[in-house]
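**Student:** What follows is a structure written as structure tokens; I'll ask about it next.
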Amino acid sequence: MKAKKQFYHHIVSSQSLTLELESLELSQNEKDHLSKIAESSLHYTVLDIVLTSLPDEDKKTFLKHAASDDHEKTWKFVKDKVENAQEKIKNAAESLKKELQKDIEDLKTKA
Amino acid sequence: MPKNSHYQHLAEKWLSRHGELEKNLWSKHGDTLHWLQQNSAHTLIGAVGGLLLLTTGFLAQGAAHKVQAQEMVIKPLDTSAKLLIQLHEKLPDQVRPLTADEEKEIGKVLSDTYNMKVSAELQGIRLNRSYGLIGAEQHLYRYPGDTLDQHFDTAEDANLYASSGVAPGLGAWGYFAPSRAQFGKKDEMREKYYIAVQTFLAPGFNEHVGQYGLFFKYRKMLVVNPENGKAIVADIADAGPSEFTGKHLGGSPEVMHYLERQDGAARGPVLYFFIDDPHDTIPLGPVENI
């Protein structure tokens, strides 16, 4: 399943989760659905960390850039306006991914 | 734990977490998100695409979006939501002709979703494109002596569709029936759910005008609005629009109304694929209950 490209996809990938899901006995539709929830959860997390880190006057500009799907421009804006943007986004996303991975691991243990 | 409950368990847990993330986002940044929603409802799809993929209906819900989003999220994806997700992933950001691979993939999605065989190419013939901007057409005269008020069975229909008027000329194949006496239900449906496509731009058209004319005449196509999943079985009854209009096909007033598409600055794209229906078993009109 191809996820919609986002401005942070060069630093955040859900591929490891997709691979983890492959290890469970799930139908393709079920895997797709779970992957979509994971992608969407990561997306919320990244939007939250960026919006939280931006001053009010820059939030609208950020959303306008993101809405235009111009990923390069959006990423440049974020990098310019948010201190340690890459690290902040990566940490927030990794933290969520760990939680999701743990849920999968727990399932395997109980199986 | 039984294997078949793995999905259930994960889906419930992840959706619950997703709901919390969503609630948090709207609670902290609702003002900015509302601003974008109000200022650019269309582009919000791109702005928070991941978010909206699971809450497809919430853009249309206006102020109720938070509740709606939560409700949508805790339900398994229905067919319509799955379709929107798949189209969102497979369609390009720009409205451009699809590649052969894209047409094949999207044709399969549409065939599976709507339970009919559709493709961008049929019997070796294809149009110039299968994804393009649709504009509004007028009604067409159906038989000699036809008038606009004879087009509508109910006052409601007249109220909805009469304002579009009737095109001064006939459709590409003339009248739908040679006389009022010979005008039947099939002819009525053909005018009601017609589209105009750029037959003259189809590859090979100039070399095979006669053959292509026969092929295109009342050929059924599945027309889909990829932004709401609404689909209609339409027939080709006219050629157009001209290239300079910037539009790629036209829809009858009834087609445009059902697809929720508009002309002018608000015009938007549709997918249009040939339906393989050799025995003429698929009725023209809206495709419901997917």
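The values are calculated or read from the model by the stated rules, or taken from the named source; none is laboratory data. No experiment lies behind these values; they were computed from the predicted model shown. Heads up, the Cβs are rebuilt from the backbone with ideal geometry, glycines too, and the neighbour counts pull from every protein chain shown. Please note that ligands, DNA and RNA were not included when accessible areas were found on the heavy atoms of the full protein model with its side chains. Shrake-Rupley method; radii C 1.70, N 1.55, O 1.52, S 1.80 Å.
**Student:** Is it the case, given these coordinates, that B:Ala202 is crowded, with 16+ Cβ neighbours inside 10 Å, within 25 Å of B:Asn115 (Cβ to Cβ), in contact with a helix residue (DSSP H, G or I) (Cβ under 7 Å, 6 or more places away or on another chain) and not aromatic (Phe, Trp, Tyr)?
**Tutor:** Taking the combined requirement at face value, the residue does not satisfy it.
**Student:** Ok, one more. Conditions first: (1) open to solvent by less than 10 Å² (accessible area, probe 1.4 Å); (2) touching a Pro at 6+ places or on another chain (Cβ under 8 Å). B:Ile106 passes all but one, so which condition is the exception?
**Tutor:** It is condition (2) that B:Ile106 fails.
**Student:** Looking at region B:175-186, can you tell me whether even one residue there is without any contact (Cβ under 8 Å) to a residue 40 or more places away in the chain, open to solvent by 60 Å² or more (accessible area, probe 1.4 Å) and in contact with a Lys or Arg (Cβ under 7 Å, 6 or more places away or on another chain)? Write out each step before concluding.
**Tutor:** From region B:175-186, those without any contact (Cβ under 8 Å) to a residue 40 or more places away in the chain are B:175, B:177-182, B:184-186; that's our starting set.
Applying the additional criterion that residues be open to solvent by 60 Å² or more (accessible area, probe 1.4 Å) yields B:175, B:178, B:180-182, B:185-186.
Checking which are in contact with a Lys or Arg (Cβ under 7 Å, 6 or more places away or on another chain) leaves us with B:175.
Scanning region B:175-186, I find at least one residue that is without any contact (Cβ under 8 Å) to a residue 40 or more places away in the chain, open to solvent by 60 Å² or more (accessible area, probe 1.4 Å) and in contact with a Lys or Arg (Cβ under 7 Å, 6 or more places away or on another chain), so the answer is yes.
**Student:** Consider A:Phe77 carefully, then state whether it is without any contact (Cβ under 8 Å) to a residue 24 or more places away in the chain, over 30 Å from B:Gln8 (Cβ atoms) and either of a type in the set (Phe, Trp, Tyr) or touching a strand residue (DSSP E or B) at 6+ places or on another chain (Cβ under 8 Å) (or both).
**Tutor:** Answer is yes for this residue.
**Student:** Determine the pairs where a residue that is within 9 Å of another protein chain (Cβ to nearest Cβ), located within region B:1-29, has a partner that is modelled with pLDDT of 80 or more and open to solvent by 60 Å² or more (accessible area, probe 1.4 Å) with Cβ atoms under 6 Å apart, the partner being 6 or more residues away or on another chain.
**Tutor:** Pairs that qualify, where the first residue is within 9 Å of another protein chain (Cβ to nearest Cβ) and the partner is modelled with pLDDT of 80 or more and open to solvent by 60 Å² or more (accessible area, probe 1.4 Å), are B:Lys3/A:Glu25.
**Student:** To continue, here is another question. Among the basic types (Lys, Arg) and buried (at least 21 other Cβ atoms within 10 Å of the Cβ), is that true of B:Arg190?
**Tutor:** Details: among the basic types (Lys, Arg): yes; buried (at least 21 other Cβ atoms within 10 Å of the Cβ): yes.
Answer is yes for this residue.
**Student:** Of all helices (runs of 4 or more DSSP H) completely enclosed by chain A, which ones contain at least 1 residues that are away from every other protein chain (no Cβ under 11 Å)? Full working, then the answer.
**Tutor:** Details: elements: A:15-22, A:28-53, A:56-67, A:71-81, A:85-110.
Once the helices (runs of 4 or more DSSP H) in chain A are filtered for at least 1 residues that are away from every other protein chain (no Cβ under 11 Å), what remains is A:15-22, A:28-53, A:71-81, A:85-110.
**Student:** Select, from A:Asp32, A:Asp103, A:Asp69, the only residue that is open to solvent by less than 20 Å² (accessible area, probe 1.4 Å) and among the charged types (D, E, K, R).
**Tutor:** Numbers: A:Asp32 fails: open to solvent by less than 20 Å² (accessible area, probe 1.4 Å); A:Asp69 fails: open to solvent by less than 20 Å² (accessible area, probe 1.4 Å).
The conditions single out A:Asp103.
**Student:** Right, here's the next one. Within region B:145-171, which residues are touching a Lys or Arg at 6+ places or on another chain (Cβ under 9 Å), open to solvent by 50 Å² or more (accessible area, probe 1.4 Å) and either closer than 29 Å to B:Gly210 by Cβ or in a loop (DSSP other than H, G, I, E, B) (or both)?
**Tutor:** B:Gly145
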